Amino acid sequence: MAIIEVNDLYKEYKINQKKEGVLGAIGNIFYPRYISKVAVNKINFSIEEGEAVGYIGANGAGKSTTIKMLTGILTPTSGRVLVNGNIPYKHRVKNNSIIGAVFGQRTQMWWDLPPIETYKLIQKIYDVPKKQFDENLSTFTELLDLKELIKIPVRQLSLGQKMRCEIAAAFIHDPKIVYLDEPTIGLDIMVKDKIRNFIKNINKKRSVTVILTTHDLQDIEEVCKRVIIIDNGQVVYDGKIEEIKNSLGKYRTVHFQVKNCSNNLDNVLDTQKEYLFEVSKSPYDIQVKFDRQKITASEVMNIISPYCDIMDLTIQEPSIESIVRDLYRKQVDNNDFIKENAGNCKY
Amino acid sequence: MLFKYIRLYIEFFKQNIKIMLEYRADFIIGAMASLFMQMSGIFFVWVIFKNVTTLQGWTFYDITLVYGLLMLSKSLNHIFFDNLWVLGPQYIRQGNFDTLLLRPISPLFHLIANRLQQDGIGNFLLGLVITVKSLYELNLNLGIKGVALIILFVVSGGAIFAAINLITATSSFWVVNSYHLIWTVYSVNEFALYPLNIYHKAIGIILTWVIPYAFASFYPANYFIHKGYEQLSFISPIVALVLWVIALRVWRFGIKNYTSTGS
Amino acid sequence: MILLKKMLAIANINIKVILVYVSAVWANVFVNILQVVILYYIWMAVYGGQTQLHGISKSQIVTYVIISRIIFINGIVSWGINQWISDIIKDGQISIEMLRPIDFQLMTYARRIGVLVFSMILYGVPVIVVSKILFGISLPATFNSGVLFIISFLLAMTINFLVEFFIGLIGFYTTNGWGLQVFKEALLSFLSGALIPIAFFPGWIRQIADFLPFKDIVYTPITIYLGNTSGEQAIKSLLFQFMWVVVLLLCTRIFYTTAIKKVTVQGG
Ligand SMILES: Nc1ncnc2c1ncn2[C@@H]1O[C@H](COP(=O)(O)OP(=O)(O)OP(=O)(O)O)[C@@H](O)[C@H]1O
Ligand SMILES: [Mg+2]
């Protein structure tokens, strides 16, 4: 049986419509007016033990809300979550003892104490055997390079240092499942790399189930084999990361800053339609989307450079948001997205 | 189970002591300030008794006994349950309550164990001095049984304070600013600093049956100095127990309504 | 006139701030009425069968309790003014304030008066009304006592402000503003007569209280109101209050200059 089972999971928030002014404030007390906001809309998925799953979507898509229901922080409005056979918000103690979690914007460590004290408290709270705890601590210290950090009070740590310590705190009690909600937010490449490698490593070696939300595609590419994409509270894709990469993630967009373009350019671009899509053009700016499996960026440049003076260029990778947008468009068209994608090349 | 919680509380306690030592200066000033505030209260009673010999049949030391017992109960609550005051602003509004819900222990236990309020220690010591001095001056021979009873009364009193604060603090799950509700209800305890029989009957009824702070001072004191209210002395622990049962129900209901914050 | 306008403009800022806290108002009014109720019953027990103690009658003491509470919540409770003074000097904001075309102390005074007026309306009036309904409050003894009381009250609030300013300056040198505030409130609630009329104090404490300026914040205005101090005696009291204003003004000025020097020389 899968370690996480989600059936028709649904959550709606009640939001108190605040009225303006003093009278409004008084009115609020007696006649609070609520509107409801659906954050997660009947989603289904199941996750096997040892999987590493990326859970992605645009801002406000409902990722954090889902994670909070999986961890038992929030009670679902309807639907069902089973984690290792337990209902998280009902069997809180049982469920919490096998999970770990990181929420990017807040800390689970004691602000005024060094991380090591938090780890020790966690050891006591989760009844981790001393030997195992020491082993984990030394492994993690090495992998995340924590040696100097764990003796400094948390409030004096930088964001990246804090996050490394935070990650260790989520794994130190050998949880079966770890939820990571934007663990790389605001970090530089070096720290991101360290954290990704760590998660990958632990996921492989100890077959800890990992669920990761992020806005950085690279986090997912390096850590996860499977990805679930959510938009507007609904699952729009659930499958292998490769498929996404091959179909939608293969596009790049180049922006050229140009001068002195010859009139022939339009004709030339027209002849290359097969490789270059969604061309937009103004006298000083050309934007071209291309399929990097069919044509390279330098070839694109070679096509354009005879007809224009290229002043500057930038290449953009697709963001999660744009992938979701593309996916969503296809959903509305009610077509299988791979098929649709082939058609996409033609315009 | 209970054993595990006791063990854990000791661990939390150790950590809290470490934090306290880190902010040593704040500890001293905080303890001094609240000590000073309480002293001005007892000074008030002292000045009053420079003008009269008894207050409706109560002598100076009768009243300081009531006063001292309430201070002891109040400071127990202050030292050990102070985090309830900040449940709204520090935990629920900022979403830090999430962290408490992620541990395999009771979130309420976690919340309470998370903080030890140093400011209450000065008051506890002053309360102790006042109580002991009053008992001594009143020529009461307590014996082991009496001492055990005092401890029971003070612990029950502390539990009454904590339970009432827990009930009002749970409102943080619904309202944005719970501080004023907590404070309003809490402030009613000031009545219990003095013997109930100086007030209008209605006030006595409220302090006995509605917001029963009188069970933290007036009724226990009556066990030692017989002024005609002894029959209610012994139910202090029962009142504390009932209040906690109610408070825990309210709390559970509150947690169900927790909606976290967006992130 | 321009000065008055400026003062109002500065005071106006605080009105909005105070209005935000509607629930604070209810809680405050409740807690203060509760204090009045407790003190009322204690005094009734103290008087017992007697009608007069230390020249204050049983009905006068009720009025005393109510008015002293009003002065306490609007005056001695500083609403953050002295904390603000310490903060503004500490974080260097003072250098910006000094650029304004108005003296810093005068501006703080305007701010304080603004706070006073609105806390009076929001907290003072409800407490008076409820207390009047519950216990009754007598009017000034005579018309003259009423007029003299108003003058005395204004002087009292000025003395109170100067004390706050002084405490604010002390706060600049220490880190724990909260401790200082609690300390001040505890001390002043006593020595001003806000808890017990000074007449009830035993010998030596009474001498100390009589000597210090704090009694002029609460005790002096109320005895004038009650008519216990009247005629020549009342005028003398007002002169003493005025003298304290001058003395405290000088002290705060000197202290202020030294503190500012420290900021501008060391750069905060
Ligand atoms: N505590 C809350 N109360 C009311 N509405 C909320 C709450 N938390 C989230 N929402 C709403 O629910 C929706 C989903 O929010 P959620 O935090 O799950 O998004 P998300 O996918 O994690 O977004 P992000 O990438 O920005 O973190 C949003 O529209 C948000 O406004
Ligand atoms: Mg989120």
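How shielded is C:183-195 by partner chains, expressed as the average number of their Cβ atoms within 10 Å of its Cβ atoms?
Rounded to a whole number, the mean comes out at 3.
Restricting to Cα pairs below 8 Å that are 6+ residues apart, what does the relative contact order work out to for the stretch B:25-162? Please round to a whole percent.
Numbers: 121 pairs, mean separation 57.9, N = 138.
Worked out over the stretch B:25-162, it gives 42 percent.
Against the globular-protein guess of 2.2 N^0.38 Å, express the Cα radius of gyration of chain C as a ratio, rounded to two decimals. Walk me through the intermediate numbers first.
On the way: Rg = 19.3 Å, N = 268, 2.2 N^0.38 = 18.4 Å.
Output field value: 1.05.
Taking B:Lys14 as the anchor, which aspartates and glutamates have their alpha carbon closer than 14 Å to its alpha carbon, excluding any fewer than eight residues away along the same chain?
Result set, ordered by chain and number: A:Asp112, A:Glu117, B:Glu22.
Over the residues of chain A, compute the C-alpha Rg and express it relative to 2.2 N^0.38 Å.
That works out to 1.20 for chain A.
Once amide H atoms are placed 1.01 Å from N in the peptide plane, what residues at a sequence separation of 5 or more from A:Val258, or on another chain, have their amide H within under 5 Å of its amide H?
A:Asp285, A:Ile286, A:Met311
Once the convex hull of the C-alpha atoms of the stretch B:2-256 is built, how many Å³ does it hold per residue, rounded to a whole number? Present the calculation step by step, with values, prior to reporting the outcome.
Numbers: hull volume 36.1 nm³, N = 255.
Normalising the Cα hull of the stretch B:2-256 by residue number yields 142 Å³.
Would you please put A:211-218, C:103-110 in order of how densely packed they are, using the mean number of other Cβ atoms within 10 angstrom per residue and starting with the highest?
So the peptides A:211-218, C:103-110, ranked by packing, come out A:211-218, C:103-110.
Taking +1 at the Cβ of each Lys and Arg and -1 at the Cβ of each Asp and Glu, which of C:Leu39, C:Leu148, C:Ile85 sits farthest along the dipole of chain C towards its positive end, judged by Cα position relative to the Cα centre?
Value computed over the given set: C:Ile85.
For the interface of chains B and A, what total accessible area is buried with a 1.4 Å probe, rounded to the nearest 100 Å²? All intermediate terms of the calculation are to be shown ahead of the outcome.
Numbers: alone 14120 and 18450 Å², together 29680 Å².
Approximately 2900 Å² gets buried when B meets A.
In terms of Cα to Cα distance under 17 Å, which lysines are near enough to A:Lys289, apart from those fewer than 8 places away along the same chain?
A:Lys245, A:Lys250, A:Lys273, A:Lys281, A:Lys346
Relative contact order of the stretch B:67-140, please, whole-number percent, based on alpha carbon pairs below 8 angstrom and at least 6 residues apart. Before the final figure, lay out each step's value.
Working: 58 pairs, mean separation 40.8, N = 74.
Relative contact order of the stretch B:67-140: 55 percent.
Please list A:46-58, A:292-304, A:152-164 highest first by mean number of surrounding beta-carbon atoms within 10 Å per residue. Don't jump to the answer; show the numbers that get you there.
Values: A:46-58: 20.6, A:292-304: 14.3, A:152-164: 17.3.
Going by the mean number of other Cβ atoms within 10 Å, highest first, we get A:46-58, A:152-164, A:292-304.
In chain A, if the dipole is taken from +1 on Lys/Arg beta carbons and -1 on Asp/Glu beta carbons about the Cα centre, which of A:Pro115, A:Tyr55, A:Val258 is farthest to the positive end?
Selected residue: A:Pro115.
Run the numbers on chain B and let me know its relative contact order in percent, using alpha-carbon pairs under 8 Å that are six or more apart.
Relative contact order here is 25 percent.
Can you run phi through the Karplus equation (6.51, -1.76, 1.60; θ = phi - 60°) for the stretch C:47-61 and list ³J(HN,Hα) in whole Hz, with x for Gly and Pro?
Calculated HN-Hα couplings, in order: 5, x, x, 6, 9, 9, 9, 6, x, 10, 7, 4, 6, 5, 5 Hz.
What does the charge dipole of the stretch A:2-245 about its Cα centre add up to, to the nearest 20 debye, if the Cβ of each Lys and Arg holds +1 and the Cβ of each Asp and Glu holds -1?
On the way: 35 positive and 29 negative charges, 154 e Å.
Magnitude of the dipole: close to 740 debye.
Roughly how many debye, to the nearest 20, is the charge dipole of the stretch A:95-223 about its Cα centre, given +1 on each Lys and Arg Cβ, -1 on each Asp and Glu Cβ, and no other charges? Write down the numbers at each step before the final one.
Numbers: 18 positive and 18 negative charges, 77 e Å.
So the dipole magnitude of the stretch A:95-223 works out to roughly 380 debye.
Taking the Cα centre of the stretch B:1-115 as the origin and placing charges on Cβ (Lys, Arg +1; Asp, Glu -1), which of B:Leu108, B:Ala25, B:Leu70 is farthest toward the positive end of the dipole?
Among B:Leu108, B:Ala25, B:Leu70, the one farthest towards the positive end of the dipole of the stretch B:1-115 is B:Leu108.
Taking H as built 1.01 Å from N, whose amide H comes closer than 5 Å to the amide H of C:Ile137, not counting residues under 5 places away?
Amide H neighbours of C:Ile137: none.
Just C:Val65, C:Val31, C:Val218 to compare: in a GNM of chain C, with alpha carbon springs under 10 Å, which one fluctuates most?
The residue with the greatest mean-square fluctuation here is C:Val31.
Work out the length of the dipole vector of chain B about its Cα centre, built from +1 on the beta-carbon of each Lys and Arg and -1 on the beta-carbon of each Asp and Glu, and round it to the nearest 20 debye.
With only Lys, Arg, Asp and Glu charged at Cβ, the dipole is about 480 debye.
What list of whole percents do you get for P(r) of the protein assembly as shown, with Cα-Cα distances grouped in 10 Å bins up to the one holding the largest distance?
2, 10, 16, 18, 17, 14, 10, 6, 4, 2, 0, 0
Determine the shielding of peptide B:186-192 by partner chains: average, over its residues, the number of Cβ atoms on other chains within 10 angstrom of each Cβ. Show your work: numbers first, answer last.
On the way: counts 1, 6, 3, 0, 5, 4, 0.
What the average comes to for B:186-192 is 3.
Quick one: helix B:60-80 against the long Cα principal axis of chain B, what's the angle to the nearest 10°, folded into 0 to 90?
10 degrees
Amide H to amide H, which residues 5 or more places from A:Gln234 or on other chains are under 5 Å from it, using H placed in the peptide plane?
Amide H to amide H, under 5 Å and 5 or more residues apart or across chains, A:Gln234 pairs with A:Asn41.
Considering only the stretch A:2-245, what is the antiparallel percent among its DSSP beta bridges, to the nearest 5? It would help to have the intermediate numbers written out before the result.
On the way: 23 of 41 bridges.
Approximately 55 percent, going by the DSSP bridge assignments.
Which of the chymotrypsin sites (Phe, Trp or Tyr not before Pro) found in the stretch B:154-192 are loop residues per DSSP with 16 or fewer other Cβ atoms within 10 Å of their Cβ? Working shown, then result.
Working: sites: B:Phe161, B:Phe173, B:Trp174, B:Tyr179, B:Trp183, B:Tyr186, B:Phe191; in loops: B:Trp174.
Those satisfying the criteria are B:Trp174.
For C:38-44, what's the mean count of beta carbons from other chains sitting within 10 Å of each residue's beta carbon? Mind dumping the intermediate values first?
Numbers: counts 7, 1, 2, 8, 10, 2, 5.
For peptide C:38-44, the averaged partner shielding equals 5.
Please go through the residue pairs A:Lys176/B:Lys4; A:Lys147/A:Lys200; A:Lys204/B:Lys4; B:Lys50/C:Lys184; A:Lys205/B:Lys256 and name each one whose alpha carbons sit more than 28 Å apart in this structure.
Numbers: A:Lys176/B:Lys4 23 Å; A:Lys147/A:Lys200 21 Å; A:Lys204/B:Lys4 33 Å; B:Lys50/C:Lys184 24 Å; A:Lys205/B:Lys256 37 Å.
Where the Cα-Cα span goes over 28 Å, the pairs concerned are A:Lys204/B:Lys4; A:Lys205/B:Lys256.
Based on the mean of other beta carbon atoms within 10 Å per residue, what is the order of C:189-195, B:152-158, B:50-56, A:285-291, most packed first?
Numbers: C:189-195: 24.7, B:152-158: 22.7, B:50-56: 14.4, A:285-291: 18.0.
Highest-to-lowest ranking by the protection proxy: C:189-195, B:152-158, A:285-291, B:50-56.
Pick from B:Pro104, B:Pro195, B:Pro89 the residue whose mean-square fluctuation is largest in a GNM of chain B, springs joining Cα atoms under 10 Å.
Evaluated over chain B, the most mobile residue of the options is B:Pro104.
The values are calculated or read from the model by the stated rules, or taken from the named source; none is laboratory data. Values in this document were obtained by computation on a predicted structure and should not be read as measured data. A quick note on method: Cβ atoms are made from the backbone with ideal geometry, for glycine too, and the neighbour counts reach across all protein chains shown. Note: accessible area is taken over every heavy atom of the protein model, side chains too, but ligands, DNA and RNA are not part of it. Shrake-Rupley method; radii C 1.70, N 1.55, O 1.52, S 1.80 Å.
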